[in-house]
Amino acid sequence: MTQQDDFLGGLHYDRPPAAEAGPAPGVVRYHPVGRPAGRARPRVSAWWHVTGFLLGVVAAGLGAVAWGYALDQFDEVRLRGLVALGLAGLLVGLVSLGKLSPAAPLAAGLAAVVGSVVYEVGTLPFLPVLRPVFDSGGPVLVGVLLVVSAWRRR
């Protein structure tokens, strides 16, 4: 293979496979060039799941606070509210990205759903910045979506 056959980024050009005449005239068969080996799942330790769980819980809490702060700042300084809302979305996106353990979105989703249930029951007092977040019902939707994404990744 020459350098002219290479693509940018280290991708290589595979030449078309050689044709082989079949048993009947006019039949040509092409054999596959090569099959990629199946990707083996990396062995992970229990600490990977524990770290993912803790990061999921912390990200859920910080995301809820950033979401509440964003809703509070929309009336006063819209740019601050948009930045805080972007931060909340970034935290949820990082948790559900797929580079962490499946325990991260599972923990964040369960924290959001349990937080919503605790808010509705009224057993624990919530910070005033979190009240508009849990009044909207959005954490239930986000929590269910995170739990489903964790379930699909296992």
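The values are calculated or read from the model by the stated rules, or taken from the named source; none is laboratory data. This one's a predicted model, so the numbers in the text were calculated from it and none came from an experiment. With ideal geometry, Cβ positions are generated from the backbone for all residues, glycine too; neighbour counts draw on all protein chains shown. We work out accessible area using only protein heavy atoms, side chains counted, and drop any ligands, DNA or RNA first. Shrake-Rupley method; radii C 1.70, N 1.55, O 1.52, S 1.80 Å.
Counting Lys and Arg as +1 and Asp and Glu as -1 over every other residue whose Cβ lies under 13 Å from the Cβ of Ala70, the net charge comes to -1. Solvent-accessible surface (1.4 Å probe) assigned to Thr123 amounts to roughly 90 Å².
Counting only protein heavy atoms and using a 1.4 Å probe, the accessible area of Asp75 comes to about 140 Å². Within the accessible surface of segment 108-154, defined with a 1.4 Å probe on protein heavy atoms only, the carbon and sulfur portion equals 72 percent. Take segment 110-154 with all the other protein chains still there, run a 1.4 Å probe, and you get 66 Å² of accessible area per residue. Taking each residue as 0.36 nm, the span from Val129 to Val50 lengthens on full extension beyond its C-alpha to C-alpha distance by 25.5 nm. For segment 56-101, the solvent-accessible area with a 1.4 angstrom probe is 58 square angstrom per residue.
Seen from a random direction on average, the alpha-carbon convex hull of segment 95-154 projects onto 4.1 square nanometres.
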